[in-house]
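Remarks on the structure that follows.
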Amino acid sequence: MKLLNKVRLALLLGVLLKSVLAIDVLSMPQLDKQTQIIQLQQQALTYLNSGGDLKQFESKVFLGVTIKGNLDVVEASLLQAHNLAPERLDLSYSLAATQVLKGDLSKARQTYQMIESQVPNYPVTWVYEAGYANAVGESATFANYLNKLKQVKSPEMIRYREALEIADDASDLQINIMQTSEIDQRSDLVILVLGYALHNDGSMDDKLVKRLEVAQSVAAHYPNAKIIVSGGVAQAGVTESFLMRQWLIDKGIKPESIIVEDKSVDTVSNALNSMALIKNLAAKQVILVTSASHIRRATAVLEQAAANLNYAVDVNNVVAWDWGNTPNVVPATSLEKALIVRDTLRTAGLWQYPGMLR
């Protein structure tokens, strides 16, 4: 009997071992492909977050926006990953997001159209196609996708559709170079100052100093207002918001008036983190201070952050002028409108690099 049991056990182990080996053999190519995709994703993230060839592009197009990375390498990495697994929508969306960031709206829209051809009734794609059609002035296409989105009643799609409307409104934002007289001297007013990337030695860029100079002027007009300084990226051991606070104190602002937000790493996290503080303060008026070239996008994401919290607040602005010697407001370009769409949707919950980076 014992011998019979041993034989049965040996046979059972043999069957199990054969099954395991078969599974291993069958899954090896799949594992190799998945490993390659992960490596390509990591490579894309590395180049996205490192210094690269974007400085010239940044100075020409983004002005007040901090951009890092080598987008050609990012795009090539994600395209290779997409080709390995064309059925994976996260890779396709990440590829399109990179093409938007590169300023190649035509190629990005082709990628979204490819996604729609693969999955015709996936409304997330309609959201992007609506937003970028509107950015390039294709009002009929925008209206068509917006009508399709109105048929989808999920809370997420309603939020994304409203985000598109917020982004659209930002293109026609009234931009102020001095404090507005429409705001009362009230205790529920907050001045929100957005940071800007520090130099490697931890010193402040002129763009950031100019924002602080504007904030100082606004604070003199509204001495009872709380001031939120927002910026968490550190250089040489100090964050943007730490230096911003110290600069304002050195100019005579009371330390107890200043609230430090030192967790944010970009405009979207500026807005999300700062709006949580604004709500906790029960403020109903915000004066947003940033660079003129940045204000439309910053306003849109801040309003979307308020919408996420279902919190009613009026967002006004006073800007640090960075449009050179021109005395007039520079109209939003198609690329700026596209970036407003992208970041407003990011704020609403649509990650630009799904599963990798908000």
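Here, each number is a calculation from the coordinates, and none is a lab measurement. All values derive from a computational prediction rather than experimental measurement. Here Cβ is always computed from backbone atoms with ideal geometry, including for glycine, and neighbour counts include all displayed protein chains.
Kindly flag which residue pairs out of Lys210/Lys251; Lys153/Lys337; Lys263/Lys337 have an alpha-carbon separation exceeding 20 Å in this structure. From the list (Lys210/Lys251; Lys153/Lys337; Lys263/Lys337), the Cα-Cα distance tops 20 Å for Lys153/Lys337; Lys263/Lys337. Counting only DSSP beta bridges with both residues in segment 222-358, the antiparallel share comes to about 20 percent.
Entry for segment 189-331 at q = 0.10 Å⁻¹: log10 I(q)/I(0) = -0.30, Debye formula applied to identical alpha-carbon scatterers, no solvent contribution.
Sorted by mean Cβ packing within 10 Å, highest first, what order do the peptides 244-250, 225-231 take? Walk me through the numbers before you get to the answer.
On the way: 244-250: 17.9, 225-231: 24.9.
Those peptides, ordered most packed to least, come out 225-231, 244-250.
At 0.36 nm per residue, minus the direct Cα-Cα distance, what do Asn144 and Thr326 gain on full extension? Give it in nm, one decimal, please. Length difference between fully extended and current span is 61.8 nm.
Would you kindly calculate the mean projected area, averaged across all directions, of the convex hull enclosing the Cα atoms of segment 194-251, in square nanometres?
On the way: hull surface 14.4 nm².
Average projection, Cα convex hull of segment 194-251: 3.6 nm².
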